[in-house]
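Chemist: Got a structure here, written out as structure tokens. Questions coming.
The values are calculated or read from the model by the stated rules, or taken from the named source; none is laboratory data. Nothing here was measured: the structure is a model prediction, and the numbers come from that model. Neighbour counts run over all protein chains shown; Cβ positions are idealised from the backbone, glycine included. These area figures cover heavy atoms from the full protein model, side chains too; ligands, DNA and RNA do not enter into them. Shrake-Rupley method; radii C 1.70, N 1.55, O 1.52, S 1.80 Å.
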Amino acid sequence: MNKQQPIGVIDSGVGGLTVLRRLQELMPHEHFIFLGDTLNTPYGNRSREDIIRLVNQMTDYLSYRNIKALVAACNTITVLGEETIRNGHDFEVIGMAKGSKMIPRVTKTGRIGIMATDFTISTGAHKKEIQAAHPEYQVFGVGCPRLVPLIEHEQFGTAELKDAIKEYTDILKSHDVDTVMLSCTHYPFLKKEIEAAMGPAVTVLDPAEVTAKKCRYDLCERDLLCKTGTGTTEICFTTDLERGLRLASLMVDLSACRAHVVGLERQDPAQKVG
Ligand code: DGL
């Protein structure tokens, strides 16, 4: 492994771009390859086996691109666990922060809401980690299956999106939470709308920055952090580059990015780059 190798960043679609922007801010000298599987999004209503099959395709591609680390910029992927995500490859995997360190800084009542995909909520991973650190907290998970397709299809400001946000935030309000974790990387596209729906007494947390710090710390520890030179970003989607880039433009500076569509058919390990 060496410092000049890229960092892979994966998501089921455009959600991981909300993490990519924090990674770029924090590590401006790094080379990033973002891969969003827009062909197969959403992952959050699929079976575990199906999600693993799709993630393996992405990690095989990024291994072929010779990455030094992988950021699972997706909670639905993160909850599979690092070993499953790594699938025998040699790079470190950094998953999304689940909130156990962020929440104590803001909650007063210890009543916490988790907004995530149905798959993420079904694993209970966030609730378990938060309650392991703070058994006194009450944690309420809400699966929000309508949100990712609406974001991927750019339905911002529509009546359907407003209705979906109301449906999920009403559930959290009924539990009287004072803190909400956005535990799906797509949801920061809707942070303002979710904050408005929850009201001023509730803090809405996006774990992207903490996750980016975790990644920087990990690279520093292994002496793999790039400290000089101009960083680069390559954005890859598995379909519909134009739509992907319209959404990406809401999160990152595209003038500094190279973008293209990739096919995730099996990569030949003998052809590994670098
Ligand atoms: N962005 C994703 C997450 O953080 C996954 C959304 C989906 O594909 O359902 O969970």
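Chemist: Just for segment 178-202: of the residues that are in contact with a helix residue (DSSP H, G or I) (Cβ under 9 Å, 6 or more places away or on another chain), farther than 23 Å from Leu17 by Cβ and of a type outside the set (Asp, Glu), which one is least open to solvent (accessible area, probe 1.4 Å)?
Modeler: Thr179
Chemist: With the condition kept exactly as written, say whether any residue in segment 125-138 is open to solvent by 60 Å² or more (accessible area, probe 1.4 Å) and within 16 Å of the ligand (Cβ to nearest atom).
Modeler: Checking segment 125-138: at least one residue is open to solvent by 60 Å² or more (accessible area, probe 1.4 Å) and within 16 Å of the ligand (Cβ to nearest atom).
Chemist: Another question about this same structure. It is to be established whether one or more residues within segment 22-39 are open to solvent by 40 Å² or more (accessible area, probe 1.4 Å), among the β-branched types (Val, Ile, Thr) and more than 13 Å from the chain's Cα centre (by Cα).
Modeler: No; the residues of segment 22-39 include none that is open to solvent by 40 Å² or more (accessible area, probe 1.4 Å), among the β-branched types (Val, Ile, Thr) and more than 13 Å from the chain's Cα centre (by Cα).
Chemist: Out of segment 40-51, which residues are more than 10 Å from the ligand (Cβ to nearest atom) and either crowded, with 18+ Cβ neighbours inside 10 Å or closer than 14 Å to Asn75 by Cα (or both)?
Modeler: Arg48
Chemist: Let me ask something additional. Could you grab me the full set of residues in segment 21-39 that are farther than 19 Å from Ser63 by Cβ, within 12 Å of the ligand (Cβ to nearest atom) and of a type outside the set (Ser, Thr, Tyr)?
Modeler: Once the filter is applied, which keeps residues that are farther than 19 Å from Ser63 by Cβ, within 12 Å of the ligand (Cβ to nearest atom) and of a type outside the set (Ser, Thr, Tyr), segment 21-39 yields only Leu39.
Chemist: Could you tell me which residue of segment 223-243 is most open to solvent (accessible area, probe 1.4 Å), considering only residues that are closer than 20 Å to Met58 by Cα and of a type in the set (Asp, Glu)?
Modeler: The residue in question is Asp240.
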